[in-house]
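In what follows, a single structure is set out as structure tokens and then discussed.
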Amino acid sequence: MELQPLQTILFLLLLILPLNHGFGSSNDDPSEPSCYTSLFSFGDSATAAGIQTQDFAPGKTAPHCAFPPYGETYFHKPTGRCSDGRVIVDFIAQHLGLPLLPPYHGEPINTTTSVSHGANLAVVSATALDPEFLESRGISGCRNCSLSVQLGRFKTLLNSLCSTPSACRDYLSNSLFLVGEIGGVDYQLAALAGFPTYEAEDLIPFVVDRIGDAIEELIGLGAVNFLVPGDFPKGCFPSYLTRFRSSDQSDYDPTTGCLVYYNWFSDQHNRMLQGEIERVQKLHPGARIHYADYFGSATRIHEDPEKFGFGKATINRACCGAGGPYNYERSAVCGRPGAVACENPASYIKWDDHHYTEAAYRVIAGDVAKRHRYDWFGCRAKGLDSE
């Protein structure tokens, strides 16, 4: 049937708008019914939405993400998110018609915290591998926040959401699970501690296997729908660019200015992770496991920042920091005395030494959504098919 002129214009707008805008404005209404009853997320500081206070004894300093200017853009106060505002899981929740997820770190559920629509179990500084494994290789990290710990807390939480294995399976089959990004901290601990690169590379198969095991563990409980993100291009992080600064220009990507080796490292992790996802999918054909290409989405921003509204001159500089070529000083990280935030975070890709601004997270989340636009697990989600 031939389209009339007005119909043609509307049709073209429907095609163009999602490509240009990704996720919608900050006033998106999450009140429309979701095609999922709940969303659960696991990961590290790229996903975390709260500070795990029980890990900080009296006199021990909380993570820098717990202090201003974190949260200034959207929440107008620190919330434990390591950004100036929302992170990727927040955009996913809002555009599935779900409320922002409350953090859950094993504390007793109270009447003021609703977890019926899901929870964010991610923890700042979380590792994919257990601390005992890392310590056996001379790597020290968080002792109470690994992926295994998060899964244990999820099982505890599940007891408050459903009473029988059958009821839990019904509940979980209508839930979406965001497993990651995780593993980046494992590699960062090794790299920033000065370990040879080959020792850090040796961790990749162990990290990837642990993520696959976690997915299978959740499937065993009744989970069906998974979104599994890969690693970000860590060679573009201000912390890496500062710590591993080189006088050899061939160490840098000529377009993005990022460190070639560390982006290759992230890409290796991502390739192995996709292979692991395929393995688990074949073993569990009833599950729907999708890879989320955070690396590709972030790289597209770095390659053409102005296309997405970011400044080219600040492509690899942190918005919040204490000076230096990349606005990163290890002695005065964002949230600590001596560090200050830029005036317009929305014009920056990086918020701090290895986290993105809300504006960049919005673009990455929108890009991931568009790539699953017609295959969002059979789900016609708000903001994915309607914009």
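If I go through the range 314-357 residue by residue, how many of them are under 18 Å from Gly257 (Cβ atoms) and not in a loop (DSSP other than H, G, I, E, B)?
5
Of all residues in the range 247-266, which are assigned to a loop (DSSP other than H, G, I, E, B) and either touching a Gly at 6+ places or on another chain (Cβ under 9 Å) or without any contact (Cβ under 8 Å) to a residue 40 or more places away in the chain (or both)?
Ser247, Asp248, Asp253, Pro254, Thr256, Cys258
For the range 132-164: of the residues being of a type in the set (Lys, Arg) and out of contact with any helix residue (DSSP H, G or I) (no Cβ under 6 Å at 6 or more places or on another chain), which is surrounded by the most Cβ atoms within 10 Å (Cβ to Cβ)?
Arg153
Could you please let me know if Glu201 is touching a residue at least 60 places away in the same chain (Cβ under 8 Å), in a loop (DSSP other than H, G, I, E, B) and surrounded by 13 or more Cβ atoms within 10 Å (Cβ to Cβ)?
For Glu201, the condition - touching a residue at least 60 places away in the same chain (Cβ under 8 Å), in a loop (DSSP other than H, G, I, E, B) and surrounded by 13 or more Cβ atoms within 10 Å (Cβ to Cβ) - is not met.
The rows are residues; the columns are (1) surrounded by fewer than 20 Cβ atoms within 10 Å (Cβ to Cβ); (2) closer than 28 Å to Leu39 by Cβ.
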position: Ser166; (1), (2): yes, yes
position: Val179; (1), (2): no, yes
position: Ala190; (1), (2): no, no
position: Asp213; (1), (2): yes, yes
position: Glu216; (1), (2): yes, yes
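Find the residue count for the range 167-186, including only residues that are out of contact with any helix residue (DSSP H, G or I) (no Cβ under 8 Å at 6 or more places or on another chain) and assigned to a loop (DSSP other than H, G, I, E, B).
So the answer is 1.
Working only within the range 149-166, note down all residues that are part of a loop (DSSP other than H, G, I, E, B) and in contact with an Asp or Glu (Cβ under 9 Å, 6 or more places away or on another chain).
If the condition is that a residue be part of a loop (DSSP other than H, G, I, E, B) and in contact with an Asp or Glu (Cβ under 9 Å, 6 or more places away or on another chain), then Cys162 is the only one that fits.
Among residues belonging to the range 123-148 that are touching a residue at least 12 places away in the same chain (Cβ under 8 Å) and outside any loop (DSSP other than H, G, I, E, B), point out the one that is farthest from the chain's Cα centre (by Cα).
Phe133
Coordinate-derived values only; no laboratory data. Just so it is clear, the structure is predicted and the values come from calculations on it, not from any experiment. Here the Cβ is made from the backbone with ideal geometry for all residues, glycine too, and neighbour counts use every protein chain on show.
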